[in-house]
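Have a look at the structure below, then the notes.
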There are 2 protein chains.
Amino acid sequence: MNNAFDPSKLDGLPPATKGRIKRRSRALGPAYRLFYQQPVEVCRAQGVLLYDSDGNEYLDAYNNVVSVGHCHPKIIAAVHQQMQTLCTHTRYLQDGILDYAEDLLSTFGGKLSASGHAMFTCTGSEANDLALRIAMHHTGKRGIIITHEAYHGNSHLTASISPSLGDNSPLGTWVRQIPAPDAYRLPKEGLGQWMAGQVQKQIQDLERHGDGLAAFIVDSAFSSDGVYTHPTDLLAPVAEVVHAAGGLFIADEVQSGFGRLGDSLWGYQRHGVAPDIVTMGKPMGNGFPVAGIAILPEVVESFGRAMRYFNTFGGNSVAMAAAQATLNVIRDEGLLENAQSVGRFLKDGLLELAKSHASIGDVRGSGLYLGVEMVQDRSSKQSSPFAATYLVNALRERRVLISASGFDGNSLKIRPPLVFAKAHAERFLNELDGALNDLNKQQ
Amino acid sequence: MNNAFDPSKLDGLPPATKGRIKRRSRALGPAYRLFYQQPVEVCRAQGVLLYDSDGNEYLDAYNNVVSVGHCHPKIIAAVHQQMQTLCTHTRYLQDGILDYAEDLLSTFGGKLSASGHAMFTCTGSEANDLALRIAMHHTGKRGIIITHEAYHGNSHLTASISPSLGDNSPLGTWVRQIPAPDAYRLPKEGLGQWMAGQVQKQIQDLERHGDGLAAFIVDSAFSSDGVYTHPTDLLAPVAEVVHAAGGLFIADEVQSGFGRLGDSLWGYQRHGVAPDIVTMGKPMGNGFPVAGIAILPEVVESFGRAMRYFNTFGGNSVAMAAAQATLNVIRDEGLLENAQSVGRFLKDGLLELAKSHASIGDVRGSGLYLGVEMVQDRSSKQSSPFAATYLVNALRERRVLISASGFDGNSLKIRPPLVFAKAHAERFLNELDGALNDLNKQQ
């Protein structure tokens, strides 16, 4: 996280902000980071808008958790109704979890719909941790292949496959990285075959070290690598070499799932692959802590019989009500279509801005997940983390919230709730244009 | 879990139950277990009562998650109110998390209250996983000492220190077990010194293997070991040898915390120890997925600076509202006192039953966490898992829900919500008496 608040820089902040930061550092300790050079305080929200306690309004162009919008009445009502009725675990029979699991499984198509199982956790980290445990148990191997700046979670196991946590957070000795499919710099033609070749090389290295391949795990939006959404023919050749080596293909849909990418409900579907395990989280309950995996029966069979799995809150009555309501709203309000059309509008606007701002090297993305790579100049494509950091903070001053991503944090990460309307996109583009103009004056 | 439903035994179950089990096995797969030979279906709940869809009422004497009672209006209202206002993460400044963290920290006393930090996760597994990660980072060692049948979570790391998951679930090579403080069989006098000696022996073994000691982690109710709540002078001598070896003392309060044991809000306080880390979960939000740790600043300092920690849902606005409301209700309704007085009444009743039922070997427990060890005969103290399994299922037929625990599942685990009233305890004792009479006829 390149645009984190530096706690040594309290000077110049409003007294109330300073007070909250001091209380926070006392109560929560040194592991907690805040966004922005001037942290944002929030006290209420609605749709795509956040408000601080002075009544200032912020346009939320970053929150992928409250995906159907902050404080959506349907989710609130479903949780309220269920909390008044029953909230208990999966060791009693309940209909809600069965209804939701069946509905969810029907969205994947292929073998996952025909015979797959759903298992529920509370967080995406837990979902990935469980997926890896099952993959290692099923294959009898432990090697995991990831992309260069991957993030897959905060548990001990998932942190061990999350290089984006930084150099201090050690990767497992059984982890191998492949470069992200940087279509801005690499030739788009044959990129999938190139990627498959990279994976093949790492499989051989894992086998040479006696680890073997348990799984290749990938976020098909390549979120922390810098948001690479095109071309969409990358993962099929990769899945082929992974399966040929006896490994599993795990689609980490924690970021790219539930309609974020517009084209389809699941990011991996854009690549035409059939994963062995799909992991889900963040937007699944629109902020209610619910996550899970979908898995092929033959993959979970031996783990399920030998190990069992119980997650106290995972799949509880209220979590399932929140998840069902969220899935219903995505369908009922046509949010996939909205992500597609407003996303297209937003991307066109960014491409338009690129015409007048040479610091924009590349505009990419799909649906409401967009990346804008900032460069020092277009011919060398040398990255400009300075520009990205400047813009993220300048937009915050203009009360528009986004973040940055990629190896050196030089790509703007634009990822609003799926209910983002054309008017919000216009407001966003307008403020970004202003911030880019200010940036030009800085340089 | 010794009293799990055997999915091959569908015959004789009501058609609706059979249908749900088949749907469940199709949708959720083989890793999910159901309680009881005849699984219970639930569709609504209130206080300490659960209801199935035929309107049958069950007395819940087992649920330690909805600790302040099923569907408590204050928790429902707090979650509803917060969901209508704001639900977002910890990278913006919010007051709710600060208010709750400060309130929570004030309950521990000692150094944790004076200078400790709170960190929030969604599940007890995540809390223990984080505590272990920090302990390993802080000490630079990886050895962990646990009790023989410990359960500390379902993540890869915490499952590696959870022998109660069964023989198929491998422990880490850096894990060492000590026997549970079985005061029914071992001399009570000097039991703490004996335990400290066991820990010392394992520390030496860890050092011999080059692992060293990172932490000793313990549930002070010894829940999955069989519920050992007395004597209460066990853990102070243990903490001494742990600290002398440079290790951390982690109190896993996921089961024993938030007033369950009656004497004090936290189980470790009964032993007069000062843990370096306290982990919390299950009852923290009365069913809302919220968990966390409290930690000394010197222990988290280097981890916090080097590694940072972000949990998307952990500490979110609604989780904090649920947790605050739960803590308020525990205080406002005097639930610690209720656990103490009703727990005493229940324990006296169990001791009374022991007079007329020789199959009861031992009655133990504190507050509303009671264990009843079933034996084949009192002189040999040979355990009777048959009796425990019989009683758990016989009580289920009488619509009273409990479970069993311990090495071979021969101890009844009685653990009702903290709002259990004297009348509920009477009903429970009455049904247990009946089930014990039926057991006598079986043997």
FRET efficiency (B:Thr173, A:Glu333; Cβ distance; R0 41 Å; to 0.05) is 0.20
Label points for B:Ser25 built 7 Å along Cα→Cβ; distances to same position in the other copies, nm, shortest first, come to 5.9
Rg ratio (alpha-carbon, reference 2.2 N^0.38 Å) - segment A:24-125: 1.49
Quick one: with label points 7 Å out along Cα→Cβ, list the inter-copy distances for B:Ser106 in nm, shortest first? 5.1
Could you calculate the FRET efficiency of B:Asn430 with A:Lys422 from 1/(1 + (r/R0)^6), where r is the beta carbon distance between them and R0 is 56 Å, rounded to 0.05? 0.25
Taking only the alpha-carbon atoms of segment B:73-332, what semi-axes of the equivalent ellipsoid follow from 5 times the gyration tensor eigenvalues under a square root, in whole Å, largest first? 31, 20, 16
B:Ser379 to B:Lys201: FRET efficiency via 1/(1 + (r/R0)^6), r the Cβ-Cβ distance, R0 30 Å, to the nearest 0.05? 0.45
With viscosity set to 1.306 mPa s at 10 °C, what whole-number translational diffusion coefficient in µm²/s follows for chain B from Stokes-Einstein and a Kirkwood radius over Cα pairs? 71
Amide H contacts under 5 Å for B:His89, placed H, 5+ residues apart: none
Position B:Gly140, label points 7 Å along Cα→Cβ, spacing to each other copy in nm (shortest first, one decimal): 3.9
Among all the lysines, which ones have a C-alpha under 19 Å from B:Lys441's C-alpha, if same-chain residues fewer than 8 places away are not counted? B:Lys355
Calculate the length of the line joining the C-alpha centroid of segment B:292-327 to that of segment A:375-443, in whole Å. 30
Length gained when the stretch A:Gln46-A:Glu240 is fully extended (0.36 nm per residue, less Cα-Cα span): 65.4 nm
Distance in nm between A:Asp438 and B:Glu102 label points, each 7 Å along Cα→Cβ, equals 3.2
Just to confirm my understanding: which cysteines in the protein assembly as shown have no other cysteine beta carbon less than 4.7 Å from their beta carbon? A:Cys43, A:Cys71, A:Cys87, B:Cys43, B:Cys71, B:Cys87
Rounded to 5, the percent of DSSP beta bridges in segment B:73-332 classed as antiparallel: 40
List, by residue number, every residue in segment A:105-141 with a reduction of 50 Å² or greater in accessible area between the chain on its own and the complete protein assembly, 1.4 Å probe. A:His117, A:Thr123, A:Glu126, A:Arg133
Out of all DSSP beta bridges with both ends in the protein assembly as shown, state the antiparallel percent to the nearest 5. 65
In whole Hz, what ³J(HN,Hα) sequence does segment A:18-24 give by Karplus (6.51, -1.76, 1.60; θ = phi - 60°), x for Gly and Pro? 4, x, 5, 5, 5, 4, 5
For A:Lys422, list the aspartates and glutamates whose Cα falls under 20 Å from its own Cα; do not include residues on the same chain fewer than 8 positions away. A:Glu57, A:Asp60, A:Asp263, A:Asp332, A:Glu333, A:Glu337, A:Asp348, A:Glu352, A:Glu431, A:Asp433
Return the sequence-ordered ³J(HN,Hα) values of segment B:32-41 in whole Hz as given by the Karplus equation 6.51 cos²θ - 1.76 cosθ + 1.60 applied to θ = phi - 60°, using x for Gly and Pro. 8, 10, 10, 6, 6, 4, 10, x, 9, 9
Which percent of the accessible heavy-atom area of segment B:73-332 goes to carbon and sulfur, probe 1.4 angstrom? 50
For the A and B pair, go ahead and give the buried accessible area with a 1.4 Å probe, both sides summed, in Å² to 100. 9100
Give me, ordered by chain and number, the residues 5 or more places off A:Gly257 or on other chains with an amide H under 5 Å from its own placed amide H. A:Gly267
Could you give each residue of segment B:358-366 its phi-based ³J(HN,Hα) in whole Hz, using Karplus coefficients 6.51, -1.76, 1.60 with θ = phi - 60°, and x for Gly or Pro? 5, 6, 7, x, 8, 10, 9, x, 8
Amide hydrogen neighbours beyond the local backbone of A:Gly361, cut-off 5 Å, H modeled: A:Glu373, A:Met374, A:Val375
Tell me the net charge near A:Ala131. Cut-off is 12 Å between Cβ atoms, A:Ala131 excluded, with +1 for each Lys or Arg and -1 for each Asp or Glu. -4
With 18 Å as the limit, write out which pairs from A:Lys188/A:Lys381; A:Lys188/A:Lys413; B:Lys347/B:Lys413; A:Lys347/A:Lys413; B:Lys111/B:Lys282 have Cα-Cα distances beyond it, or answer none. A:Lys188/A:Lys413; B:Lys111/B:Lys282
Nearest-5 percent of antiparallel DSSP beta bridges in chain B? 65
Semi-axes of the equivalent ellipsoid of the protein assembly as shown: what are they in whole Å, largest first, if each equals the square root of 5 times a C-alpha gyration tensor eigenvalue? 46, 28, 27
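The values are calculated or read from the model by the stated rules, or taken from the named source; none is laboratory data. The shown structure was predicted, so the numbers you read here are calculated from the model rather than taken from an experiment. All Cβ positions, even for glycine, are placed from backbone atoms using ideal geometry, and neighbour counts span all protein chains on display. Only protein heavy atoms, including side chains, enter the accessible area calculation; ligands, DNA and RNA are left aside. Shrake-Rupley method; radii C 1.70, N 1.55, O 1.52, S 1.80 Å.
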